[in-house]
């Protein structure tokens, strides 16, 4: 089966958003938390580094998943490969 321009466009957009979200995940998981250890201020009564690692990261992970699901649903509709919602 030969790939059409629509297939290539779909795949290119999928790879771009995946790379962007993985970059965000890496930034949050490794870079931000690594540097948050050096902060000494408190955020909602907890050390900032603890809050980022324990609370903020989980919230952002859920937002990443929700954004990806919504983006892929719109992309599926745009390219006519939507499987429908049960």
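Quickly run through segment 48-72 and pick out the residues that are more than 30 Å from residue 11 (Cα to Cα) and either modelled with pLDDT of 95 or more or in contact with a strand residue (DSSP E or B) (Cβ under 6 Å, 6 or more places away or on another chain) (or both).
From segment 48-72, those more than 30 Å from residue 11 (Cα to Cα) are 48-56; that's our starting set.
Answer for segment 48-72, where residues must be more than 30 Å from residue 11 (Cα to Cα) and either modelled with pLDDT of 95 or more or in contact with a strand residue (DSSP E or B) (Cβ under 6 Å, 6 or more places away or on another chain) (or both): just 51.
Residue 45 passes all but one of (1) on the phi > 0 side of the Ramachandran plot; (2) at pLDDT 90 or above; which number fails?
The failed condition is (2).
The values are calculated or read from the model by the stated rules, or taken from the named source; none is laboratory data. Worth saying up front: this structure is predicted, and the values here are computed from it rather than measured. FYI the Cβ positions are ideal-geometry reconstructions off the backbone, even for glycines, and counts take in every protein chain you see.
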